[in-house]
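As structure tokens, the structure follows; a few thoughts come after it.
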């Protein structure tokens, strides 16, 4: 009988321990749910406060480089659908124009811009001016650190992949370049083009190989009489039309779009593939401080990132967006241009001009 009671007591104790353990495991889950609900409520309250202020401001002023009106307007339309009381005023310029306008106005005590996006070769200089606002960019928590400024001043708007591309009507697959050294073959003499403003491409090679190897490569490449061309879109069309056999620096997202339309183009799977991010930042003295935060948070949301990719085909930094470029690059070694290399921008421009495009 005693033995039976002992067994019963042991079973009772074990059962009690199991129940208590399950409750202990369940308790953090309940706490997490409560914390999540509290956090969500805090977000709603924060957004409500921003909306209240933004309604009085009425607009967001966005200055940027790159991207046509056809690319941006669908994004602005989606933003207005969410916040119909806000107008997005945007101005497109080249890097130097944007830099000069921001800094010149600031020296005069004039602050007209809320949000700006410049190519990464100027971002270090802009950061030094103190005209960027430090922000935690809450929607970018899952993004790779390489797409965010370590000090919190900017995040990457889009990632551009520079791809060597060739005309498949003029170059059969067996004869096409397969790597960087293949571009040095004398058979390409007089049939290669590239953008005349491709100093960033030199910097990307520099970041991947070091300066010495890059300069030596460019000296050998120059023997093939590389022709300077216009912008990327114009060069894609010229390449597809047969004006050249190879272009050294076209945008992969555009190449993929042209391929879908049947253009006779293919790209070289170089090692590495060269990538460069385009930063976006909030102005320190933004004249519409509530509206610009609404726009910054919306633009970095999954909804906006997906829409940006769908409209433009561009590679965006949100890892949840499966872009055509990121899928195309699977299995390939990539090299993202580091922001700190931007200090060598003027030297890279000189190297390109004096060695390759002289």
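Every number here is computed from the coordinates shown, using simple stated rules; none is lab data. These figures come from a predicted structure and were not determined experimentally. FYI the Cβ positions are ideal-geometry reconstructions off the backbone, even for glycines, and counts take in every protein chain you see.
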| field | D_trans [Stokes-Einstein, Kirkwood Rh over alpha-carbon pairs] for the range 124-186, 20 °C, 1.002 mPa s, µm² s⁻¹ | value | 136 µm²/s
| remark: FRET efficiency (residue 151, residue 187; Cβ distance; R0 51 Å; to 0.05) is 0.60
| remark: Rounded to 0.05, the calculated FRET efficiency for the beta carbons of residue 144 and residue 223 at R₀ = 30 Å is 0.20
| Between helix 211-222 and the chain: long-axis angle, C-alpha atoms, 0 to 90°, nearest 10 | 40 degrees
| query | Can you list, largest first and rounded to whole Å, the semi-axes you get for the range 194-239 by taking the square root of 5 times each eigenvalue of its Cα gyration tensor? | reply | 22, 13, 7
| field | Additional length obtainable on full extension of the chain from residue 134 to residue 257, 0.36 nm per residue less Cα span | value | 40.7 nm
| message | For the chain, give me the percentage of DSSP beta bridges that are antiparallel, rounded to the nearest 5 percent. | response | 55 percent
| note | In cubic angstrom per residue, the convex hull of the range 216-358 built on its Cα atoms measures 161 Å³
| said: What is the angle, in °, between the Cα long axis of helix 2-57 and the longest principal axis of the Cα atoms in the chain? Nearest 10 is fine, range 0 to 90. | reply: 50 degrees
| query | Given 10 Å bins starting at zero, what is the percent of C-alpha pairs of the chain in each, up to the one with the largest pair distance? | reply | 5, 21, 27, 20, 12, 7, 4, 3, 2, 1, 0
| Of all DSSP beta bridges in the range 130-254, antiparallel share, percent nearest 5 | 50 percent
| task | Can you tell me the relative contact order of the chain? Whole percent, Cα pairs under 8 Å, sequence separation 6 or more. | result | 26 percent
| task | Obtain the nm distance between the two label points defined at residue 172 and residue 77 by a simple spin-label model: each point lies 7 Å from its Cα along the Cα-to-C-beta direction. | result | 4.7 nm
| task | Place the peptides 42-50, 66-74 in order of packing, highest mean first, counting for every residue the other Cβ atoms within 10 Å and averaging per peptide. | result | 66-74, 42-50
| Whole-angstrom Cα spans of the range 205-289 along principal axes, big to small | 51, 40, 23
| query | In degrees from 0 to 90, rounded to the nearest 10, what is the angle of the helix 199-209 Cα long axis to the longest principal axis of the chain? | reply | 60 degrees
| Spin-label point model (7 Å from Cα, Cβ direction): what's the residue 87 to residue 52 distance in nm? | 2.6 nm
